[in-house]
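S.K.: Just dropping this structure here.
Laboratory data are not the source of any read-out in this text; all were calculated from the coordinates shown. Keep in mind it's a predicted model, so treat the numbers as computed, not measured. We place every Cβ from the backbone using ideal geometry, glycine too, and count neighbours over all the protein chains shown.
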Amino acid sequence: MNDIAVKCKHIWPGLGIATITGMAALFLSEHYNAPAMLFALLLGMAVSFLYQNNTPCACGIDFTASTLLRAGVVLLGLRIALGDLAVLGWQTALMLAMAIFTTIILGVVLAKSLGLQKRFGALTGGSVAICGASAALAISTILPKGENHERDTLLTVIGVTAMSTIAMVLYPIVAAQLGMSNNEAGIFLGGTIHDVAQVVGAGYSVSEDAGDMATLTKLVRVAMLMPVVLIMMLVVKRFYTASTAKNTADVPKMPMFLIGFVALMLLNSFVTLPEFVISTGTEVSRFFLVVSITAIGMKSNLGKLAEVGMLPIVMIITETLWIALLILGYLYLM
């Protein structure tokens, strides 16, 4: 009991400052109609001195950036039901799956060709393909923890959040110029924009029907987070097993947060949960993710971010254009 009390005593300062900073980010997001994740990152980076030099906040910031992050990903499962796949149709679901896996493969190929780590390509490709910052956070937890792990996660979140915001403004214009129906516009917006909030904003700016279809399409993409993370984890395990030069202690194991994610998704699929349970779980998940992003921002080093240059942005832009062209091609053929 004393050990728990001591641990809590070390965690509370960092957890408290990350929570307060995250609440400030949510306040700014609501009043200026901008992504909360972006504000969370910027505010976290602004107070990064709280993490440096082993301050009393360091332990709690580490806890927030890891454990609270996993709790937020688990609660994402409440957003999803297997019935969403049936409503959308198997052809569209299959196309989304193909778009997701080819985008991740493209990210790995781009990273290798640009002289970056392949795991960074998997991280950017997965976040662009599935659900933006949330996917980046989930995928980063199962990738090997290298020297630049926190930096790569931060760069990915910044890049996909910026691209998602731009897409929220531009893609409805593209849909209108191409003369898409509400159903087609919903599939296009839900299948290409990275973050859920921006998908909702873009979809309902077209029409209510387009907004409903965009949200449904996006939730199907979010549902694919679990199989993608599992496949990535198996690939990483195989790589580490085959490489004797690597430390086997670094091999990722089956994460409990993934099991929790699947459990809540299945519960939501087969049990009719009260609406307030789903809405509360969704809001708590969003809050946890914003606070954990704030903590990751606090752990960042601006000097290391500047060292990388424009290559990650080029990668994210290329991946974004790739998935947009794939979905447009599918709609044209359909």
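S.K.: In the Gaussian network model of the chain, springs joining C-alpha atoms below 10 Å, which of 171, 32, 204 carries the largest mean-square fluctuation?
M.R.: Maximum fluctuation in the GNM of the chain, among the listed residues, is at 32.
S.K.: Tell me, what HN-Hα J-couplings in whole Hz come from the Karplus equation 6.51 cos²θ - 1.76 cosθ + 1.60 at θ = phi - 60° for each residue of the stretch 183-191, using x for Gly and Pro?
M.R.: Taking θ as phi minus 60°, the curve returns 5, 5, 4, x, 5, 4, 5, x, x Hz for the stretch 183-191.
S.K.: Right, next: Between 0 and 90 degrees, rounded to the nearest ten: what's the tilt of helix 275-298 against the longest Cα principal axis of the chain?
M.R.: Compared with the principal axis, the helix lies near 50 degrees.
S.K.: Quick one: angle between helix 2-32 and the longest Cα principal axis of the chain, in degrees between 0 and 90, rounded to 10, please.
M.R.: 40
S.K.: I've got another one for you. Please report, to one decimal in angstroms, the Kirkwood hydrodynamic radius of the stretch 140-241 built from all distinct Cα-Cα pairs.
M.R.: Here the Kirkwood hydrodynamic radius works out to 15.0 Å.
S.K.: Sticking with this one: Once phi is turned into θ = phi - 60°, what whole-Hz ³J(HN,Hα) does the Karplus curve with 6.51, -1.76 and 1.60 give for every residue of the stretch 103-110, x standing for Gly and Pro?
M.R.: Coupling constants for the stretch 103-110: 5, 5, 4, 4, x, 5, 5, 4 Hz.
S.K.: Hey, what number do you get for the chain at 222 nm if only DSSP H runs of n ≥ 4 count, each worth -39500 (n - 2.57), divided across all residues, to the nearest 500?
M.R.: Using -39500 (n - 2.57) per qualifying helix, the result is -25500 deg cm²/dmol.
S.K.: Work through the residues other than residue 75 whose Cβ is under 12 Å from its Cβ and net out their charges, Lys, Arg +1 and Asp, Glu -1.
M.R.: Counting the neighbours of residue 75, the net charge comes to +2.
S.K.: Let me ask another. Spelling out what I want: for every residue of the stretch 216-223, take phi, set θ = phi - 60°, compute 6.51 cos²θ - 1.76 cosθ + 1.60 (Karplus), and round to whole Hz; glycine and proline get x.
M.R.: 4, 4, 5, 5, 5, 4, 4, 4
S.K.: Report the number of Lys pairs in the chain whose alpha-carbons are under 21 Å apart, with separation of 8 or more residues or on distinct chains.
M.R.: Close lysine pairs found across the chain: 18.
S.K.: Suppose a student asked you for the relative contact order of the stretch 17-163, using Cα pairs under 8 Å spaced at least 6 residues apart; what percent would you report? Numbers along the way, then the final one.
M.R.: Numbers: 120 pairs, mean separation 26.2, N = 147.
Computed over the stretch 17-163, the figure is 18 percent.
S.K.: Taking the Cα centre of the chain as origin and charging only Cβ (+1 Lys, Arg; -1 Asp, Glu), how large is the dipole, in debye to the nearest 20?
M.R.: 1060
S.K.: Ok, one more. Over the stretch 66-333, what is the mean sequence separation of C-alpha contacts under 8 Å (at least six apart), divided by residue count, expressed as relative contact order in percent?
M.R.: 33
S.K.: Sticking with this structure for a sec: Within the stretch 123-160, name every residue whose backbone N is under 11 Å away from a label modeled 7 Å from Cα of residue 311 along the Cβ vector.
M.R.: none
S.K.: Relative contact order (percent) for the stretch 126-185, with alpha-carbon contacts under 8 angstrom and 6 or more residues of separation?
M.R.: Working: 27 pairs, mean separation 18.4, N = 60.
The normalised contact order for the stretch 126-185 reaches 31 percent.
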